[in-house]
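A.B. asks: Handing you a structure now.
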Amino acid sequence: MSGSTITPWVVGNWKMNPMQANTQQLLADLKQQLEQASIPHDVCKIGVAPTLLALLQVKNELATDAHEVFVVAQDVSRIAGTGAFTGEVSADLLKDSQVDYVLIGHSERREIFNDTPAILNEKIKNALAANLHIIYCVGESLEQRESGQAEQVVLQQICDIAGVVNPEQWVHITVAYEPIWAIGTGKTASPDDAQAMHAKIREGLSQITPEGQNIAILYGGSVKPENAVELAACPDINGALVGGASLNAESFVQIAQAFAQSK
Ligand code: PGA
């Protein structure tokens, strides 16, 4: 037991997966696994971030009273409202479709799609204005870790958003620490390294907001059933953002169980 009063979160990030037929199968498997596990929402919050194409289907099939799974958009436009912005989906449109959660700042968005801190701040401002809950991702590259800059990089990413989150809006922020070198590589940060960074993030958050002690900080990067128990035992690891392993319902629910049982 960690002594933390924060309810753990386990969120599956499906990224650009799967094809339609496999989505149906994954949904069916998830329903079955969730039913068997019957993890109460106040013991572990479970969310899924499918593609935009599957978002409402997943919401309709999974976000029932029986499972209480919430859906998360993987990204949001930096432009608010509605209008002539081909290809974009705004925070307001998400909210209008009862999608209440969004990932912002995933390293794949930062690195592949050039989401700069300025763009991320636009997204955060709009998401908060639309009353979405944000899972804000931070994390260092291998090069930054090896040159001893990991802490500084991650704390800077936290500071980057401090100017756009009003004091009363921190309750709408969850942080996900995802070291880039651990994403999709099979390499996980050791529980000690991950805990050390989570403690630093909590310290940094606490200097910005009194809410710092209550903000859930999720770990992401090759989380799987085999390492979930150890990660879940760390006092400042309040859940997981799971990529690859979330595409297998059994693995995903086992990870959720590890967090449900540890806290
Ligand atoms: P992974 O991805 O679990 O496949 O490493 C995590 C993420 O990018 O959110």
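The values are calculated or read from the model by the stated rules, or taken from the named source; none is laboratory data. Computed from a predicted structure; not experimentally measured. Ideal geometry is used to build each Cβ from the backbone, glycine not excepted, and the neighbour counts take in all protein chains shown. With ligands, DNA and RNA removed, areas are computed over all heavy atoms of the protein, side chains included. Shrake-Rupley method; radii C 1.70, N 1.55, O 1.52, S 1.80 Å.
A.B. asks: Under the Karplus relation 6.51 cos²θ - 1.76 cosθ + 1.60, θ = phi - 60°, what is the ordered set of whole-Hz ³J(HN,Hα) values for segment 244-259, x standing for Gly and Pro?
C.D. replies: Per residue, the Karplus-derived 3J(HN,Hα) values read x, 5, 7, 7, 10, 4, 5, 4, 4, 6, 5, 5, 4, 5, 4, 6 Hz.
A.B. asks: Right, here's the next one. Karplus couplings for segment 29-46 from phi (6.51 cos²θ - 1.76 cosθ + 1.60, θ = phi - 60°), rounded to Hz, Gly and Pro as x?
C.D. replies: These are the phi-based 3J(HN,Hα) values: 5, 4, 4, 5, 5, 5, 5, 4, 6, 5, 8, x, 4, 7, 9, 7, 7, 10 Hz.
A.B. asks: Right, next: What's the local net charge at Gln156, with K and R +1, D and E -1, over the other residues with C-beta under 13 Å away?
C.D. replies: Details: positive: Arg110, Lys200; negative: Glu140, Glu151, Asp160.
Spelling it out: positives minus negatives among the neighbours equals -1.
A.B. asks: Still on this structure, please answer the following. Check cross-link reach from Lys95 to the lysines: straight Cα distance under 19 Å, and skip same-chain residues fewer than eight apart.
C.D. replies: Lys59, Lys123, Lys125
A.B. asks: Of His133, His41, which has the most accessible area and how do the rest follow, probe 1.4 Å? Before the final figure, lay out each step's value.
C.D. replies: On the way: His133 30, His41 60 Å².
Ranking His133, His41 by accessible area, largest first, yields His41, His133.
A.B. asks: Something else now. Using amide H atoms built 1.01 Å from N in the peptide plane, name the residues 5+ places from Ala240, or on other chains, whose amide H lies under 5 Å from its own.
C.D. replies: Distant-sequence amide H within range of Ala240: Trp9, Val10, Val11, Tyr219.
A.B. asks: Once neighbouring chains are kept in place and the probe is 1.4 Å, which whole percent of the accessible area of segment 9-262 is contributed by carbon and sulfur?
C.D. replies: Values: 5550 of 11270 Å².
In segment 9-262, the share of accessible area belonging to carbon and sulfur is 49 percent.
A.B. asks: For Leu52 and Glu88, calculate 0.36 nm times their separation in residues minus their Cα-Cα distance, and state this gained length in nm to one decimal.
C.D. replies: Numbers: separation 36, 0.36 × 36 = 12.96 nm, distance 1.08 nm.
That pair, Leu52 and Glu88, stretches by 11.9 nm at full extension.
A.B. asks: If you put +1 on each Lys and Arg Cβ and -1 on each Asp and Glu Cβ, how big is the dipole of the chain around its Cα centre, in Debye rounded to 20?
C.D. replies: Numbers: 16 positive and 30 negative charges, 36 e Å.
For the chain, the charge dipole is close to 180 debye.
A.B. asks: Taking H as built 1.01 Å from N, whose amide H comes closer than 5 Å to the amide H of Ala73, not counting residues under 5 places away?
C.D. replies: Here the answer is Tyr101, Val102, Leu103, since their amide H atoms fall under 5 Å of that of Ala73.
A.B. asks: Next question. Given points 7 Å out from each Cα along the Cα-Cβ axis, report the Asp192 to Gln213 separation in nanometres with one decimal.
C.D. replies: If labels sit at Asp192 and Gln213, their model points lie 2.8 nm apart.
A.B. asks: Using 0.36 nm times the number of residues separating Ile79 and Val171, minus their current alpha carbon distance, what extension gain do you get?
C.D. replies: Values: separation 92, 0.36 × 92 = 33.12 nm, distance 2.28 nm.
Net length gain for the segment: 30.8 nm.
A.B. asks: Out of Ala150, Ala127, Ser206, whose Cα points farthest toward the positive end of the dipole of the chain (charges: +1 Lys, Arg; -1 Asp, Glu; placed on Cβ)?
C.D. replies: Selected residue: Ala127.
A.B. asks: Another question, if that's okay. What does the accessible area per residue of segment 126-263 come to in Å², with a 1.4 Å probe and no ligands, DNA or RNA counted? Walk me through the numbers before you get to the answer.
C.D. replies: On the way: 5350 Å² over 138 residues.
For segment 126-263, the solvent-accessible area averages 39 Å² per residue.
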